[in-house]
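The values are calculated or read from the model by the stated rules, or taken from the named source; none is laboratory data. On a predicted model such as this, the values are computed, not experimentally measured, just so you know. Backbone-built Cβ (ideal geometry, glycine too); neighbour counts: all protein chains shown.
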Amino acid sequence: MHLGDVLLQGAAALASLGAVALVVLIVYKVVEGARLSLSTFGLGFVTHVGWDPVHLKFGAGSFLFGTAITSLGALILATPLAIGIALFLTELAPAGIRGPVTALVETLAAIPSVVIGLWGILVLAPLLRDHVDPALHSALGFIPLFGPATYSANVFTAIIVLTIMILPIISSISRELFLGVPSELKEGALGLGTTRWEMVRGVVFPYTRGGVAAAMILGLGRALGEAIAVAMVIGAFTGISWNLFNPGNTLAAMIALNYQGASSGLELSSLIYLALILLVFSILVNLLAQLIVRRVARRQGLAST
Amino acid sequence: MSAAELTPLQRPTDRLRRRKAVNRGMEFLAWLSAAVAVAALGIVVFSVARRGASALSFDFLTKTQVPYDPTAKQGLANAFVGTFVIVGLATLMALPFGILIAIYVNEFAPRMIRNGISFVLDVLNGVPAIVIGFFVFGLIVVAHGQSGLAGAFALAVLMLPLVARTTMEVLALVPNSLREAALGVGSPRWRMTLGIVLPQTIGGVLTGATLAVARVAGETAPLLFTSSLVAYNTSFNPAHPLQTVPVAIFELSESPDPTDHARAWAAAFVLLMFILFASLGARWLATRSRRKLGRAAR
């Protein structure tokens, strides 16, 4: 074998090994940083609600709650919108505006989170507080989620901000999935006299169900890990409140807001424990998405043979 | 022909009318969702532009920050320089590394390893930026303190999967006939890869790099841990922590002083314009290089 071949293959293999080592090192460093808190609080940390730097008692409970409620809320709002956008772009849009709208929706993903956060807290939050929150409260106040609205920095604002951020992820993946539906199937349905919506419901959705689920999971992953934009709009409150119009906090936002003010080694280590929980979530989310994609690919491989 | 002349079988039944109404309703909702997304983009960009453009001035671009003195003539030159240095260094670190990974995966690796590395890149891509921040904090900052270099390393970790992924995609587009032709005239594999295959992908690699730059230029979270405790002078030296545009926006937005908010908007405007142009530029590059590869395939 040529010396150059050995060198190039060696360097390339080394770089790939480096990427694997990087992931291992990330996990190791985060676990190491969290060790003090891990040994002090153990697994009880995960469910303990409260963050008390004076008595050195820390827990992830309220941030897990906040992370769950904000990312699920964003997912619930973003998914139908994203599917609507993808259907518009694949089935309805006139040829002339298809390209530009696709580009615009993808541009939404390029806006930095700090800019969305700035807009969220200075423009969106006052608007929601004055007009949307009270309206939702008076219409749906019997549900505990829509309690009295007083603060402008609150969980609901964070949900809207996250919705904007994950919308382009879900819609661009869904668009590609919808484009992959064989046109024979679609034409077959239309030829049987279905309306366009019945065709979508009977052919496009079943064909792409798994892929759309994977897209949702990837969107969820993004929402779970978003720190800055959420930190800017959520109002930083430790505790559990079902009222969306109260301030709250998430794992990622808590880390971003408190890292510089950590007053003890244990508090810093507890913040890294929060990061460890996030890391575990992000790996699980990726595994799950991969699993779904692989299952769908296998099923479609069978269907086409 | 009016409805009255239709036979009973041809006449639209209530059921058909209902199905058509549902269809129209759903089509309207799809139009509406697209409109909402485009409107959201328009509103964010317009808000930032309206508030940011008015605070933009020559001083803003050329003078440095003077904290705690709202009356001083000041700008964010230090942050612009810092972002330029840190993102530049991150690109220098991530680009060769990412290209090598892509070459290995596409040209050398057996199938099993290829899937494994793909998955590792996906995992790396999914790790929240703030966790990367803590990783670099533990790896570098605890021992050596904050520095522009540490910030650049954190951003490079974020860029790596993006660069590797796009390079893998374009490498896969290069037609095998080119590889076979190069090997056929007796060139060794490494010259075939570096001299024939890689040059075909320059457009695609540049696209990936530009998109990755656009993505990390706006990252705040990892820089909070690695390059945020700054002296407010303009410096090109990455051995010290450097101020960056996103961190400056984050800090200014938390200030109670409205002139700081104005500066945050102006900084957001500059950052947003840079990122929008970079993304559009990348899109243009992508179309161009794909067209070129398409020609080569024929």
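Data for the structure
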{"item": "So A:F63, is it over 21 Å from A:A227 (Cα atoms), among the aromatic types (F, W, Y) and more than 7 Å from chain B (Cβ to nearest Cβ)", "result": "no"}
{"item": "Tabulated pairs, the stretch B:154-172, first within 20 Å of B:L285 (Cα to Cα) and modelled with pLDDT under 95, second in a helix (DSSP H, G or I) and among the charged types (D, E, K, R), C-beta under 7 angstrom, 6+ apart or interchain", "result": "B:L162/B:R215"}
{"item": "Identity of the residue in the stretch A:49-64, of a type in the set (A, V, I, L, M, F, W, C) and surrounded by fewer than 21 Cβ atoms within 10 Å (Cβ to Cβ), that ends up nearest to the chain's Cα centre (by Cα)", "result": "A:L64"}
{"item": "Elements of type helices (runs of 4 or more DSSP H) in the stretch A:87-200, at least 1 residues being at the interface with chain B (Cβ under 10 Å from one of its Cβ atoms)", "result": "A:95-108, A:113-119, A:155-179, A:196-199"}
{"item": "Residue in the stretch A:51-61 that is touching a residue at least 40 places away in the same chain (Cβ under 8 Å) and part of a helix (DSSP H, G or I) present", "result": "yes"}
{"item": "Of residues in the stretch B:23-53 being touching a residue at least 60 places away in the same chain (Cβ under 8 Å) and either surrounded by fewer than 19 Cβ atoms within 10 Å (Cβ to Cβ) or among the charged types (D, E, K, R) (or both), the one nearest to the other protein chains (Cβ to nearest Cβ)", "result": "B:R51"}
{"item": "Close pairs from the stretch B:66-91: first of a type in the set (D, E, K, R), partner at pLDDT below 80 and in a helix (DSSP H, G or I), Cβ under 9 Å, at least 6 apart", "result": "B:K73/B:D59"}
{"item": "Pick from the stretch B:249-274, criterion within 11 Å of B:V48 (Cβ to Cβ) and at the interface with chain A (Cβ under 10 Å from one of its Cβ atoms), ranking: surrounded by the most Cβ atoms within 10 Å (Cβ to Cβ)", "result": "B:A268"}
